[in-house]
Each structure stands twice: as C-alpha cells, then as structure tokens.
1. So which lysines pass the test for residue 113, namely a Cα distance under 25 Å, with those fewer than 8 places away in the same chain ruled out?
2. With 10 angstrom as the radius, rank 34, 205 by how many other C-beta atoms surround their C-beta, starting from the fewest.
3. Mind listing the phi-derived Karplus ³J(HN,Hα) values for the range 96-102, rounded to whole Hz, using 6.51, -1.76 and 1.60 with θ = phi - 60°, and x for any glycine or proline?
4. Please give the peptides 98-108, 264-274, 216-226 ranked by average Cβ packing (other Cβ atoms within 10 Å per residue), highest first, as a rough proxy for protection.
5. Note down the magnitude of the dipole of the range 183-283 about its Cα centre, charges +1 on Lys and Arg C-beta and -1 on Asp and Glu C-beta and zero elsewhere, to the nearest 20 debye.
6. May I ask for the Kirkwood hydrodynamic radius of the chain, worked out over all distinct Cα pairs and given in angstroms to one decimal?
7. Kindly put 187, 198 in sequence by how many other C-beta atoms sit within 10 Å of each C-beta, fewest to most.
8. Taking the square root of 5 times each eigenvalue of the Cα gyration tensor, what semi-axes in Å does the equivalent ellipsoid of the range 11-117 have, largest first?
Amino acid sequence: MFESRYGATSPDAEGGGKPGLTLRIHRCPGAARMTWALEVPTEPGLKLLATARWPHESPVLCLQVRSLPSSYALEEEVPLVACQRAGPLVTLVAARSLERRSQIHFMEDGSGKAWWNTPSTTLGLRAGIRVPTRRPPGGGVVPIQIDTRERRPYSFAGRAVTTVRLRLDVGDYATRTASGLAVAERKSVADFAQSVVKGTLSLVMGELATLPRAVVVVEGRYGNLFSVQHVAPGFLINLVAVLTVRYPAVQIVFADTRTLAEEWTYRFLAAARAELGANPEIG
C-alpha cells in the first residue's frame, strides 16, 4: 500500500522486516511546524510529532505526545529489522538499502523533546572543536587513578576530578566503582598499531575484559591506520577487527586527538561511576 522512498528492501531483511516492527510516518500539511508524526514500535509504543519526515541533512526535532491528533494522515509505513530502546536512546534499523539506521535521543530534562539522527547528521568530534564543559553523567567529583608508568599523563585540567598516581595492574586511567574498577587504556596511533601487530594489545584486552567496564582510547582517527609505515593497511585493520570481535566487552574508541581522547576518558570514567555506583569507601 505504501511504497518506500529510500531504496529496495535490505537483503538482511528479506520479507519486509520483522513482524510487528513497523515505523508509521504520518503527515499534517496544515500544521505550523510539527508537520510530521511518528509511531515507533517500542514497548510501550511511542508517538512523536516531528519537524521533518526523515533526518536527511540535519537532526529532526521531535516531541512525544500521548496520542496523535486526528489531522495527521498516514503517509508511509517503514518495515524495521530492529527497534530497541536503551534509556534515552531508541535505535531503529529499517529493512531497506538506503537510510537504514537512525536513532532518537530524548533530552534529559523530562520535556519529552528528542532529536532524531542518522549517521550522516550526527555531529562527530573533529580536531579543533571546542571541548564541551557540560557536567558528565552523574555529576560530582570523579576520583581517577593514573598509572605511574604514564610518562605524560592527562591533567584533566578544569574538570571536577581528584587524581592519584599509583601502579595499575592493567590500563592507564581508572576509577573505582561499586562493582570494581573501570579502566581506560590510552594509545597513540603509532603505539596502538605496534601493540596490535606484536600481539601485546590482545593480552591487555584479555585482561581488560575481566573488569566491569574497560575501553581502549586511541589518540587519532581510524583512517590514520591506513598510513602507518611498514605495515600493510589491510593486515592491520584485519587484526583490529579480530580484537573487536574477540573482546566485545572492551570498546576501541578512536578519539581524533589527544585533547578529545582526554575528554572522552574523563566522561567514560564518570559514566562508569554513575552507571555502576560509586565505591562506598571513597564516595
């Protein structure tokens, strides 16, 4: 009845997506700003007014409502292969070849407002960007342990942290949560590539995987791996892919620059304390 405007059905979703998973898009031409409306098949279902049909070139502002006004008429049904909510995020994967992935991110102020993004509209961190000053998840002071073998450690200047230098069993930066240590292993691009090829990073990630939360933070972009000297690019990225699959509990984050890697490490450790709980012995 409704034909998709964004390419053929994805080969991964033959048959038009999973039964019961359909994103229903409505339209009201006479609406002042929120011309579009969405019915999202979460449990319970979500109803949203939206400023655009799909986030093509910029994020779309949405507003959650209890029911859709009768003035909105069904315009399109988009079969989905996935629809998952995790906290303030709703991830949608459409059963088509183009414009497949999108994510709805609800604001934390309880207003019901949300931003609908696709990979092309999500603003990624870039070199030279001003580091945000917004408080991290959980707020409060984050106690950070810094390994004594870090020759040029992050200072975390201007951030609500306390730091102590001590020898960590694994990783370079850590914070103690109610569930144990959350740890970040820092790597420059050259060090990351060398440790991947030599196999030492596999050992480190194996130990990191035993912790409640762990991450490897690289001070550079993924594309930098293609220009590492004396290593065939295909060989290196294949090894990185193997490590990612072998240790799914340990993220590898390419953070563009040292400044942004420091910022990401700080927010990761703060989020770990917020999610897992602060250690009662240190607050």
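Each value in this text was obtained by applying a stated rule to the coordinates, not by laboratory testing. Every value quoted in this text rests on a predicted model; they were computed, and no experiment measured them. Here the Cβ positions follow ideal geometry from the backbone for every residue, glycine too, while neighbour counts run over all protein chains shown.
1. In chain and number order, the partners are 47.
2. Listing 34, 205 from fewest to most nearby Cβ atoms yields 34, 205.
3. 7, 7, 10, 6, 7, 9, 8
4. 264-274, 216-226, 98-108
5. For the range 183-283, the charge dipole is close to 180 debye.
6. Hydrodynamic radius (Kirkwood, Cα only) of the chain equals 21.5 Å.
7. Placing the least packed residue first, the sequence is 198, 187.
8. 21, 16, 13
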